[in-house]
Amino acid sequence: MDKNTLHFYLDKLAGLDFHKMYNGDFFLTWEKTDDELAAVFTVADALRNLRERNISTKIFDSGLGISLFRDNSTRTRFSFASACNLLGLEVQDLDEGKSQIAHGETVRETANMISFMADVIGIRDDMYIGKGHTYQKAVVDAVTQGHADGVLEQKPTLVNLQCDIDHPTQCMADMLHVIHHFGGVENLKGKKVAMTWAYSPSYGKPLSVPQGVIGLFTRFGMDVTLAHPQGYEVMPEVEEIARANAAKTGGSFSKTHSMAEAFRDADIVYPKSWAPFAAMEKRTDLYGKGDTAGIQALEKELLAQNAQHKDWTCSEELMKTTKDGKALYLHCLPADISGVSCLEGEVDGSVFDRYRDPLYKQASYKPYIIAAMIFLAKSKDPAALLQALEERATPRHLG
Amino acid sequence: MDKNTLHFYLDKLAGLDFHKMYNGDFFLTWEKTDDELAAVFTVADALRNLRERNISTKIFDSGLGISLFRDNSTRTRFSFASACNLLGLEVQDLDEGKSQIAHGETVRETANMISFMADVIGIRDDMYIGKGHTYQKAVVDAVTQGHADGVLEQKPTLVNLQCDIDHPTQCMADMLHVIHHFGGVENLKGKKVAMTWAYSPSYGKPLSVPQGVIGLFTRFGMDVTLAHPQGYEVMPEVEEIARANAAKTGGSFSKTHSMAEAFRDADIVYPKSWAPFAAMEKRTDLYGKGDTAGIQALEKELLAQNAQHKDWTCSEELMKTTKDGKALYLHCLPADISGVSCLEGEVDGSVFDRYRDPLYKQASYKPYIIAAMIFLAKSKDPAALLQALEERATPRHLG
Amino acid sequence: MDKNTLHFYLDKLAGLDFHKMYNGDFFLTWEKTDDELAAVFTVADALRNLRERNISTKIFDSGLGISLFRDNSTRTRFSFASACNLLGLEVQDLDEGKSQIAHGETVRETANMISFMADVIGIRDDMYIGKGHTYQKAVVDAVTQGHADGVLEQKPTLVNLQCDIDHPTQCMADMLHVIHHFGGVENLKGKKVAMTWAYSPSYGKPLSVPQGVIGLFTRFGMDVTLAHPQGYEVMPEVEEIARANAAKTGGSFSKTHSMAEAFRDADIVYPKSWAPFAAMEKRTDLYGKGDTAGIQALEKELLAQNAQHKDWTCSEELMKTTKDGKALYLHCLPADISGVSCLEGEVDGSVFDRYRDPLYKQASYKPYIIAAMIFLAKSKDPAALLQALEERATPRHLG
């Protein structure tokens, strides 16, 4: 069966059970079954297949996709906009600065007020430990209630565009890239993955990427190592999940304080800066108290702490120690590139340059992953709908 | 005839004269005939009926809906975006901060420059007494001239998204909610309505809601009471309109300085804070002069004045005095809820909670009211067009 | 052949060679052949013809048009949004303030990250000499590479929405207005054009309009005079282009330091303020060094320099000296109108008023010019596609 035909993907879907995704939401990858994740990958590939053959995948004639970004974003913002557009939804951004939300409005109320014609809500809220995921849950509870009470015609689907715990659209895109790179999910067993901290001159980057990676990559029978200097721990609950995943799939999850150890013979490396979990918790408290002096002191402290680990960088030397010197280098971008975007950073300029194309391809999966999450939540029979789109054969572009 | 079929609404439309709405605008409810208002309600219901049966109501294949918000907004912004999307228009926001308008451009010029492909312009401009309505009129004059002169292919329709005088999309949504709550417009005669001021710890809220309510609700044979502390008068011209409306429809319009009196036996209560008309006039002057010290002094004075009336709150005790203790509680949202969004505010938390679903339903009519205003301005034969949409039967969502 | 039928324009296209525009970009008018410019004018007219007959010109079922404005804009922003909407693309604005670009990201990376589903990128970057055009080139190089490397499914087309050198969408719209005003391009030979500096109380306006005008208008056999006070030179390279154009087409390009001389017997006048080229270069350097004091000193100096030339204004007296006292007055808007938007400015209020309709019509061509540039870059056979749209005959608006 040819990957260039849609039937390849329809056959894959036929073997998967994902019926619970209908009208569901996407918060954390570890809440989904293996079949459900496989369905997301397969629908993402199928949508890409259709688009690349100039076949429209609009399943909405009208409708809104609401975005709420509580942190700056280029990639995720454009990925969400692209995914909505691909399916026929118009993006309406909830810019909290332009809204009346400061004016004492509850989450429950705002969630309903923006959802009268919303099919999807995408939220990025990654800055404060213990907040982002909780907020997203509250939004879904509100619109679920609103739909049950007859206030909302439809329950919009939530897509987690990054929270304090997981970054599922990123990590699923990363994984789809890995799957294609290694020629199929069946080739991943036993591959060695190094998810490692790396030095950055900025501070306070979210933990959701390393957490998302160890929570997801351990499900494919791979040997995942999490490496970071002492003091840069991630959330212990997520480590537990990684450990349990590995046990189930015959892979492994280990930790080390040596970047070199993690890189040795690795098939995949993901060197990336993040803030220590404990510091992020402290910062969340300080913000809660409005303690500006405390926040500034903490920032200074964290930058000084970071600076002690400038040797945690993805250098050419380290890359040589990976499998055949050719591990697949991953990054969610933008990276802190030594000599390019900063003096000393996460990765050598020459390493980054060599992997530029694969990195951009990695990023290119995100719009399709988001679209697939929406598609699966909004279609009673996704395979039949994909087939119907193929048969409808509306050109995406007359030209 | 079943309300679940479109024919119920088409039959209603058949009995109404609204031909003057074609290519018209919507500034103030009292400029419209009873039939014209009935047409807006009916088309709003019809559009909702179609959408809830998954039938596309797109009458535009392309085209822009321009929004201009001179005040923060969530609900109205999303309602306008939803209405435009429902009909097939893409929203383009005129963000004055990002434009060159400060650079000495006239209203006439801006209005034409943004309208080359605009079918609708929605404006919220409610902050300064004597300004908002005047500005909206100037915009319509400009595009009417531009169309007559051959500059514009079409005259865009203006929808008043709140001015200094009226808030027609809000009050029409409120009224459609009331109509459905009481089982039809024919059941409203003799109902007692309390439009009353309520305490809020913020100040300077627009007068357009109380004005819009007394200007509209008096047209249905109801007994409307406007209650507020001394010094919180609304525009006398609008009171005149309310009085004249009541005289015509066999209802009444009265005023009181007692919230308790207004609530007694009321079928509908609408307790909501607003700023005194005279103070808003003064503030408009001070802004005009750029008198910052004067503005700050006025704000302080107004907050102190508000604080003398903390007893003006929609308490459980007051609610018990309404008709069977069960008056329909209305609010345009967001409300200042005592113990939730502020210490002491417009309404008790328990009252608000009990009415949450009806309040959200009240808000849910706004996108349809806006869409109906546009639909009536842009269709030569709205009933025939609704019928054609039903027959076209394009699914809003394949799923 | 009737101009009201599409065939008039299809016949025109049949005689032109513009096959190199397919998958191309639009940076500078002088990089395009005469046939290519004629194709843009013709397709713009054809798209307007279809839209005015209520025929949809959507050639995209979905897809994004990315906009990036590095300077405030109303007209160009709405023109780009209108053009994209007309063709079926949804605008997604890259607001650098809300993005992570400050965070050390390269142009190459950003360009690819926003382009996974982008068919068009429109950029306005006109503030710094030597920067805007270079930046636009870098973006196109990046996405061309991205497409070649298999990262991007399509190479988005760049439309220059104003750079430091040219403002092609403005000047092409100006020229299409001129063509229609004089009843055809064949009537332009020998017409006298005065592109002259005019006094404005603001400073630092881009040079791209005068440069774009002399670079474009000299291609039609007209006698173009560039007039400005000493010290207000434009880029010498562009003057060279104007001179070469004139030589080729039998027209002329001359320079003068007298506004009166330029206006005498002129058929077309374009009086408009701009900053001196040398001062803009200096400012670019100062910004590069972050020299705030230097920038402020320069601004003061430039305003003082401007103020020495308040007599450079398009007065009624000067207008009387033009051809029959009735030259066509052009401006890209907004103009600094004496007694309206400033005390003393570029043009008398009475002159501006008399030309208001033609000025607004001039502006009305811009959305169609932009749409034509996109159409020509995205259609293998534009004439056949226009014909297909006519035959498809989808109404733009049911009503």
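The values are calculated or read from the model by the stated rules, or taken from the named source; none is laboratory data. Model, not experiment: these values are computed from the prediction. Cβ placement follows ideal geometry from the backbone for every residue including glycine, while neighbour counts extend to all protein chains displayed.
Return yes or no: is A:THR321 modelled with pLDDT of 95 or more, of a type in the set (Val, Ile, Thr) and over 30 Å from C:THR110 (Cβ atoms)? For A:THR321, the condition - modelled with pLDDT of 95 or more, of a type in the set (Val, Ile, Thr) and over 30 Å from C:THR110 (Cβ atoms) - is met.
Look at C:ARG392 and say whether it is touching a residue at least 12 places away in the same chain (Cβ under 8 Å) and touching a helix residue (DSSP H, G or I) at 6+ places or on another chain (Cβ under 8 Å). Criteria not met by C:ARG392.
Considering segment B:24-60, the residues that are more than 18 Å from the chain's Cα centre (by Cα) and among the small types (Gly, Ala, Ser) include one that is farthest from B:GLU237 (Cα to Cα), namely B:SER56. The combined condition, being surrounded by 12 or more Cβ atoms within 10 Å (Cβ to Cβ), modelled with pLDDT of 95 or more, in a loop (DSSP other than H, G, I, E, B) and touching a strand residue (DSSP E or B) at 6+ places or on another chain (Cβ under 7 Å), is not fulfilled by A:HIS309.
For B:LEU303, state whether it is more than 25 Å from the chain's Cα centre (by Cα) and more than 15 Å from B:TRP274 (Cα to Cα).
Values: more than 25 Å from the chain's Cα centre (by Cα): yes; more than 15 Å from B:TRP274 (Cα to Cα): no.
No.
In segment C:1-31, what residues are hydroxyl-bearing (Ser, Thr, Tyr), touching a helix residue (DSSP H, G or I) at 6+ places or on another chain (Cβ under 6 Å) and more than 23 Å from C:ILE55 (Cβ to Cβ)? Across segment C:1-31, the qualifying residue is only C:THR29.
When segment C:251-281 is filtered for residues that are surrounded by fewer than 21 Cβ atoms within 10 Å (Cβ to Cβ) and either among the β-branched types (Val, Ile, Thr) or at pLDDT 95 or above (or both), the ones remaining, listed by number, are C:SER252, C:SER254, C:LYS255, C:THR256, C:HIS257, C:SER258, C:ALA260, C:GLU261, C:ARG264, C:ASP265. Of all the listed residues (B:LEU385, B:LEU318, B:LEU359), the sole one being of a type outside the set (Phe, Trp, Tyr) and within 25 Å of the chain's Cα centre (by Cα) is B:LEU359.
Based on what the data block shows, is A:ASN112 crowded, with 20+ Cβ neighbours inside 10 Å and within 8 Å of chain B (Cβ to nearest Cβ)? Answer is yes for this residue. Is at least one residue of segment A:144-152 part of a loop (DSSP other than H, G, I, E, B), closer than 20 Å to A:ARG219 by Cα and out of contact with any Gly (no Cβ under 8 Å at 6 or more places or on another chain)? Scanning segment A:144-152 turns up no residue that is part of a loop (DSSP other than H, G, I, E, B), closer than 20 Å to A:ARG219 by Cα and out of contact with any Gly (no Cβ under 8 Å at 6 or more places or on another chain). Pairs meeting the criteria (first residue in segment C:38-51 and within 20 Å of C:HIS397 (Cβ to Cβ), second residue at pLDDT 95 or above and outside any helix (DSSP H, G or I), beta carbons under 6 Å, at least 6 apart or on different chains) are C:LEU47/C:THR57; C:LEU50/C:THR57.
Conditions (1) more than 14 Å from chain B (Cβ to nearest Cβ); (2) surrounded by fewer than 22 Cβ atoms within 10 Å (Cβ to Cβ); (3) on the phi > 0 side of the Ramachandran plot, marked per residue:
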residue	(1), (2), (3)
C:GLN305	yes, yes, no
C:GLU317	yes, yes, no
C:LYS320	yes, yes, no
C:PRO334	no, yes, no
C:ILE337	no, no, no
C:VAL340	no, yes, no
C:LEU343	no, yes, no
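Note on segment B:332-399: enclosed helices (runs of 4 or more DSSP H) holding 1 or more residues that are in contact with a Leu (Cβ under 9 Å, 6 or more places away or on another chain) and of a type in the set (Gly, Ala, Ser) are B:356-364, B:366-378, B:382-392.
Counting the residues of segment B:362-382 that are aromatic (Phe, Trp, Tyr) and more than 20 Å from the chain's Cα centre (by Cα) gives 0. If you filter segment A:53-81 down to residues that are at pLDDT 95 or above and facing chain C (nearest Cβ under 7 Å), you find that the one that is surrounded by the most Cβ atoms within 10 Å (Cβ to Cβ) is A:ALA81.
Residue pairs whose Cβ atoms lie under 6 Å apart, separated by 6 or more positions or on different chains, with the first residue in segment B:181-198 and crowded, with 24+ Cβ neighbours inside 10 Å and the second among the aliphatic types (A, V, I, L, M) and in a loop (DSSP other than H, G, I, E, B), are B:VAL193/B:MET222; B:ALA194/B:ALA266. Across segment A:116-128, a minimum of one residue is classified as surrounded by fewer than 21 Cβ atoms within 10 Å (Cβ to Cβ) and either of a type outside the set (A, V, I, L, M) or more than 7 Å from every other protein chain (Cβ to nearest Cβ) (or both).
Restricting attention to segment B:128-151 and to residues that are touching a residue at least 24 places away in the same chain (Cβ under 8 Å) and of a type in the set (Val, Ile, Thr), the residue that is nearest to B:LYS205 (Cα to Cα) turns out to be B:ILE129. Which one is farthest from C:ALA371 (Cα to Cα) among residues in segment C:129-150 that are buried (at least 22 other Cβ atoms within 10 Å of the Cβ) and touching a Leu at 6+ places or on another chain (Cβ under 9 Å)? The residue in question is C:ILE129.
In segment C:346-381, what residues are of a type in the set (Lys, Arg) and crowded, with 24+ Cβ neighbours inside 10 Å? Quick ask: steps written out before the conclusion?
First, pick out the residues of segment C:346-381 that are of a type in the set (Lys, Arg): C:354, C:356, C:361, C:366, C:378, C:380.
The answer is C:LYS366, C:LYS378.
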